[in-house]
1. Would you check which residues across region 48-67 are hydrophobic (A, V, I, L, M, F, W, C) and either farther than 20 Å from THR36 by Cα or touching a helix residue (DSSP H, G or I) at 6+ places or on another chain (Cβ under 6 Å) (or both) and list them?
2. Could you identify the single residue in ILE14, ILE24 that is modelled with pLDDT of 90 or more, more than 13 Å from the chain's Cα centre (by Cα) and of a type outside the set (Asp, Glu)?
3. Do we find that ILE83 is hydrophobic (A, V, I, L, M, F, W, C), at pLDDT below 90 and either within 12 Å of the chain's Cα centre (by Cα) or more than 19 Å from ASP107 (Cα to Cα) (or both) in this structure?
4. Which of the numbered conditions does ALA11 fail, given that it passes all the others? Conditions: (1) surrounded by 15 or more Cβ atoms within 10 Å (Cβ to Cβ); (2) without any contact (Cβ under 8 Å) to a residue 60 or more places away in the chain; (3) among the hydrophobic types (A, V, I, L, M, F, W, C); (4) not in a helix (DSSP H, G or I).
5. Do the conditions hold for GLY49, that is, is it of a type in the set (Gly, Ala, Ser) and either surrounded by 12 or more Cβ atoms within 10 Å (Cβ to Cβ) or in contact (Cβ under 8 Å) with a residue 12 or more places away in the chain (or both)?
6. Anything in region 23-38 that is without any contact (Cβ under 8 Å) to a residue 12 or more places away in the chain and either farther than 20 Å from VAL74 by Cβ or part of a loop (DSSP other than H, G, I, E, B) (or both)? List them, or say none.
7. In region 43-61, what residues are in a loop (DSSP other than H, G, I, E, B) and of a type outside the set (Val, Ile, Thr)?
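The values are calculated or read from the model by the stated rules, or taken from the named source; none is laboratory data. This structure is a prediction, so every number in the text was calculated from the model and none was measured. All Cβ positions, glycine included, derive from the backbone under ideal geometry; neighbour counts span all protein chains shown.
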Amino acid sequence: EEGGVLRPLPAKHIDCGLGLERLIAVIQQKTSNYDTDIFQPIFKAIQQGTGTREYTGKIGTDDVDGVDMAYRVVADHIRTLTIALSDGGRPDNTGRGCETVQDIINDEEKQFLKTLSRGRVLFQRAVEGLTAHQKTFP
């Protein structure tokens, strides 16, 4: 207010920008969001669907074959799309939100085909593999 007077806000909360994934990593004492029980079931579904090696958590130059990076990208997209679709987003060629969903699906297929050497059906299988985790995953 004018004159430097502070008045309490009607809503009292703090947005620290921590995010659900980071908060869970802290609670579960993990060094990476991807080591939490949010992402591990997704990695397992990806591994089972592709037959590629298991996720090992390698980053940068240690991830020589790029497979761990592909796991992270694909898992992020699967999680994002699952939430977007459960919130009513639908892939088609009209509307900004719908285009975003379609773009993610298209990028996902490219990532699968390029790095994990599978493709189109894997996303569906990975999402279906999450049904056992519906309490923590929409």
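1. VAL64 - this is the single residue of region 48-67 that is hydrophobic (A, V, I, L, M, F, W, C) and either farther than 20 Å from THR36 by Cα or touching a helix residue (DSSP H, G or I) at 6+ places or on another chain (Cβ under 6 Å) (or both).
2. Exactly one of ILE14, ILE24 is modelled with pLDDT of 90 or more, more than 13 Å from the chain's Cα centre (by Cα) and of a type outside the set (Asp, Glu), namely ILE24.
3. yes
4. So ALA11 meets the others, but not (1).
5. Spelling it out, GLY49 is indeed of a type in the set (Gly, Ala, Ser) and either surrounded by 12 or more Cβ atoms within 10 Å (Cβ to Cβ) or in contact (Cβ under 8 Å) with a residue 12 or more places away in the chain (or both).
6. Of everything in region 23-38, those that are without any contact (Cβ under 8 Å) to a residue 12 or more places away in the chain and either farther than 20 Å from VAL74 by Cβ or part of a loop (DSSP other than H, G, I, E, B) (or both) turn out to be LEU23, VAL26, ILE27, GLN28, GLN29, LYS30, THR31.
7. Within region 43-61, GLY51, ARG53, GLU54, TYR55, GLY57, LYS58 meet the criteria.
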